[in-house]
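Below is one structure, written out as structure tokens, with a few remarks after it.
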Amino acid sequence: MRRAAGPGAPGGAAAAMTNVYSLDGLLVFGLLLVCTCAYLRKVPRLKAWLLSEKRGVWGVFYKAAVIGTRLHVAVAVSCVLMAFYVLVVK
């Protein structure tokens, strides 16, 4: 009997998805988090609403925003390098 190709089968829908737990997937997620939080820090209403806590789970967003604003040149260069890697190399 032949089985139908499902999401877990080779060549199915799962083969086209990106692995979240790979190193490049985690780097992309981290860069997007830092860039998004740094952008939200520049919006006054969102800064007061989202980035007011400095501790706990919400403090992660505050710390990512601080990293994004203080190291903006390094974050921008790493975003360009990661985009080149994802689009060309991978």
Looking at region 41-86, which of the residues that are aromatic (Phe, Trp, Tyr) and farther than 23 Å from residue 24 by Cα is modelled with the lowest pLDDT? 49
Any chance region 45-58 includes a residue that's surrounded by 11 or more Cβ atoms within 10 Å (Cβ to Cβ), within 24 Å of residue 22 (Cβ to Cβ) and not β-branched (Val, Ile, Thr)? no
For region 24-44: of the residues being under 30 Å from residue 84 (Cβ atoms) and open to solvent by 60 Å² or more (accessible area, probe 1.4 Å), which is nearest to the chain's Cα centre (by Cα)? 29
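The values are calculated or read from the model by the stated rules, or taken from the named source; none is laboratory data. Given the structure is predicted, the values throughout are model-derived calculations rather than measurements. Neighbour counts run over all protein chains shown; Cβ positions are idealised from the backbone, glycine included. To get the accessible areas, we keep the full protein, side chains included, count just its heavy atoms, and leave off ligands, DNA and RNA. Shrake-Rupley method; radii C 1.70, N 1.55, O 1.52, S 1.80 Å.
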